[in-house]
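A quick write-up on the structure given underneath.
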């Protein structure tokens, strides 16, 4: 009973934030919601399948650039079309990339995903005529629900309709992922995470299910990437850079990968912690490095592990 | 003949793990494979279960060549296995473990948005297997928190939840206290009868278990079949006793096989060939 009550309170709070909170903090909620979508997908791969991707920024980049190309060059401004297009583009890329990567596990999987991420980053950086190089390209304000929202300033648009649209996407993505992890498919992923050899012996095709999980996580990342691009109004290659991949893995660890809502909490904490630390201390990565070390050593369950009464402790391999 | 291996050779580089092994498993049999360490027992199990491709020879299951076809495909054909070292899903409960096997058997693993909790058939089948193996009261316990004997049972139970036609058990009582061994075997053969298993093959070191439950024993030595005979014939063979069996309990302590052949079949079995010559 506790979870529905907490979720209801959080839902009410989220609905009230644009009305009650200063605009600045409302705009900080936008990347949180975008990353929330990304992390739900990433954690399907990480927390539920046992594969750590260090190249998922590749799919954030694909989503963001899909949005930019559609709005800037192809005149497609409806976000209801942009998000499915971003998902489709990510699926097309993830199909062959995933098929190759899931043949490997542990550090080899991580390095392969990192390599593909860097290939895409370099493509974005060097193919200037196509991608705008290091300057990137513009992401025009998308239409929401068929409306251009012309009467709204950029800030009013972002903290009003766009906020609520992003919230709706996050809620939908959360509900879908909730179903996925509680489905027979989700159970098969957990068997693979826990013991691939045993999973195979029970007839679970480990590479195939890993590939499915990879595809779903890529689609989530691309949708999150498309959402992420609108507030900044510009996309550039750093979206696909490996440090961005590292950041989202950090967010998952910060929130706790063993919990369904942990990554969402991690995204929230990361965004607001980053903003706070950056405003008082220029070397914010120094602080974040210390936080990461603390989490791995003392709180492997992440923030959820600290706050929630856990069903079971997280074991961190020291090997 | 449900499973047949013909002149299997398996090489690891220059090392010959299996050297011309032939065997056949008939309907209703409980067959034990025994042998000293390094005899090739686990390699043979891996070849029979399609994990390893034999270097030469063939393995036929229900008349189909299954050499190296892989575990997943073989599972779908109706063969299951358990492992020498206990294989569980540490973070899953007993019930979830059994549900995973049932989901796999029913081919529902790719259902993305279906509710597992609302799938009555999966729940019922998993609970039935839990009851068969005496794990009902631990259904919601995490697998990693179970006592060792229960972990072993869960490992085997999950293989049974696939409702296979034949099961290969690699040391089903290894790592289990002596007191628990017979209890596990009784549960296992009882479950086998209940689900209509067509044959059981086990690799086992414990000779009480081997002689107490087997219809036939295949003794391996240095990658070759040393003997393929009934427990009584094996026990009477000084060479096999010397190489493989060692000192053992008296014949009087043997239990009747709780997994007998169907009526009329036992008497019709072909007499086993002289020990040491049986190569199929």
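Bear in mind these aren't lab numbers, they're just calculated from the coordinates by the rules spelled out. The structure displayed is predicted, hence computed values, not measured ones. Using ideal geometry, Cβ is built from the backbone for each residue, glycine included, and neighbour counts are taken over all protein chains shown.
Data for the structure
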quantity	calculated
Bins of 10 Å, starting at 0 and running to the largest distance - Cα pair percent for the stretch A:14-79	18, 32, 34, 17, 0
Fluctuation leader among B:228, B:208, B:155 - chain B, Gaussian network, Cα springs under 10 angstrom	B:208
For the stretch A:110-256: rounded, prolate or oblate by the Cα gyration tensor [a/c cutoff 1.5]	oblate
Test item: A:188-199 mean partner chain Cβ contacts at 10 Å	6
Distant alpha-carbon pairs in the stretch B:1-154 (separation over 27 angstrom), percent	38 percent
Convex hull (Cα only) mean projected area of chain B, reported in nm² to one decimal	15.2 nm²
Cα extents of the stretch A:25-307 along the three principal axes, largest first (Å)	59, 41, 36
Number of partner chain Cβ atoms within 10 Å, mean per residue of B:97-105	6
Prolate/oblate/rounded label for the stretch B:125-221 (Cα gyration tensor, a/c 1.5)	oblate
Exposure proxy ranking, count of Cβ atoms within 10 Å, fewest first, for B:1, A:118	B:1, A:118
Chain B: most fluctuating residue of B:177, B:115, B:55 per GNM, C-alpha cutoff 10 Å	B:115
Rounded, prolate or oblate (a/c below 1.5 giving rounded, otherwise prolate when a/b exceeds b/c) for the stretch A:125-191 by Cα gyration tensor	oblate
Mean separation of Cα contacts under 8 Å (6+ apart) over length of the stretch A:1-97, as relative contact order %	17 percent
Two-decimal Rg to Rh for the protein assembly as shown - Kirkwood Rh, Cα set	1.09
At R0 = 30 Å, FRET efficiency that the Cβ-Cβ distance of residue A:197 and residue A:243 yields, to 0.05	0.30
The stretch A:25-307: relative contact order as a whole-number percent, Cα under 8 Å and 6+ apart	36 percent
Theoretical ellipticity at 222 nm over the protein assembly as shown - DSSP helices of four or more residues, -39500 (n - 2.57) apiece, nearest 500	-16500 deg cm²/dmol
Among A:163, A:24, A:143, residue whose mean-square fluctuation peaks in a GNM of chain A (springs only between Cα atoms under 10 Å)	A:24
Peptide-level mean, for B:87-94, of C-beta atoms on other protein chains within 10 Å	5
Spin-label pair residue A:122/residue B:115, simplified geometry with 7 Å Cα→Cβ offset, distance in nm	5.0 nm
